[in-house]
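The values are calculated or read from the model by the stated rules, or taken from the named source; none is laboratory data. These figures come from a predicted structure and were not determined experimentally. Glycine gets a Cβ as well: all are built from the backbone with ideal geometry, and neighbour counts include every protein chain shown.
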Amino acid sequence: MRVKKILIGFSLAMLISPVFAEDTFKVCADPLNPPYSTKNKDGFENKIAELFAKELGQKVEYTWFAQRIGFIRNTLMAPVNERDADSEQFKCDIVMGVPEGFDLALTTEAYYKSTYVLLIAKGRGWDDIKEAEQLSKLPLQRQEALKMAMFDRGPGTTWLQQSGLLDQGIPYQSMSGDAENNTAMEMARDFKAKKIDMVILWGPMAAYVMAQSPKNSYTLIPMKSTPALKFDFAMAMGVRKGDKARKAQLDKLIASKMDKIQEIIGSYNIPFLPITKN
């Protein structure tokens, strides 16, 4: 009977951790990307990685690389031995946050969904704004006083263009190249310096900006998706294309630990939307 139990336990372990002999949970991550990941491991993606690794009896190991152009190529797709292009050993195996259906990776089931929001600093003359559509209907004199951040890419800039407010945008780069600040950190700094009064920003980043100031310093207005312009996106984890076993393993963990995942993300005050299946 004891032997039978051991064999059953071994079989279950193989189902949970198929074909993986490693004892590490290898994550590709940005070392300075709050609220997602940091070298201090205090981002919500860091905490979810720790949750999953603990469940698998593994230890988290990071490959750090700035999440800009070339991130996937230099992390998830990079062999441990860069001289061996045919190697099956890679620097890391999992990107903790990618859009569902991301074309550079095989993606898991979505584990959260958020939206872009209009974030407005209070007490600067814009407290009457309750929905984004009001901005395009303001008198010209008020529109010209707008100090609204505008990125080189993303639905916020498209919305500004469609609303006739592009000339009022203050331009920012989506990937700043700043080694000491990511986009969310830059927004928080420039809000405090009153260089900007508002921005259309991805929900997790907006939550980080809000957390850097006293409570009730901002008004947060979710943007409304339309058939022509999408603001809400489901987020998943990414593995190498063809790595179906690891995807299946992560999908099981996402399903079984969804309550804890949402608890972790919710602790960062990130705006949630229900995850819907297509």
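Taking segment 23-133 and the strands (runs of 3 or more DSSP E) fully enclosed by it, the elements with 3 or more residues that are under 30 Å from Leu146 (Cα atoms), in contact (Cβ under 8 Å) with a residue 60 or more places away in the chain and not acidic (Asp, Glu) are at 112-121.
Beta carbons closer than 6 Å, at least 6 apart along the sequence or on distinct chains, pair a first residue in segment 192-219 that is under 11 Å from Tyr268 (Cβ atoms) with a second that is of a type in the set (Phe, Trp, Tyr) for Ala207/Tyr268; Met210/Tyr218.
Residue-by-condition table, conditions (1) over 17 Å from Thr38 (Cα atoms); (2) exposed (fewer than 14 other Cβ atoms within 10 Å of the Cβ); (3) not assigned by TED's automatic domain parsing to the domain that holds Tyr36:
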| residue | (1), (2), (3) |
| --- | --- |
| Asp167 | yes, yes, yes |
| Asn182 | no, no, yes |
| Asp190 | yes, no, yes |
| Ala193 | yes, yes, yes |
| Leu201 | yes, no, yes |
| Asn216 | yes, yes, yes |
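Taking the stated definitions as given, is Met205 assigned by TED's automatic domain parsing to the domain that holds Leu138 and within 19 Å of Ile129 (Cβ to Cβ)? Against the criterion (assigned by TED's automatic domain parsing to the domain that holds Leu138 and within 19 Å of Ile129 (Cβ to Cβ)), Met205 does not qualify.
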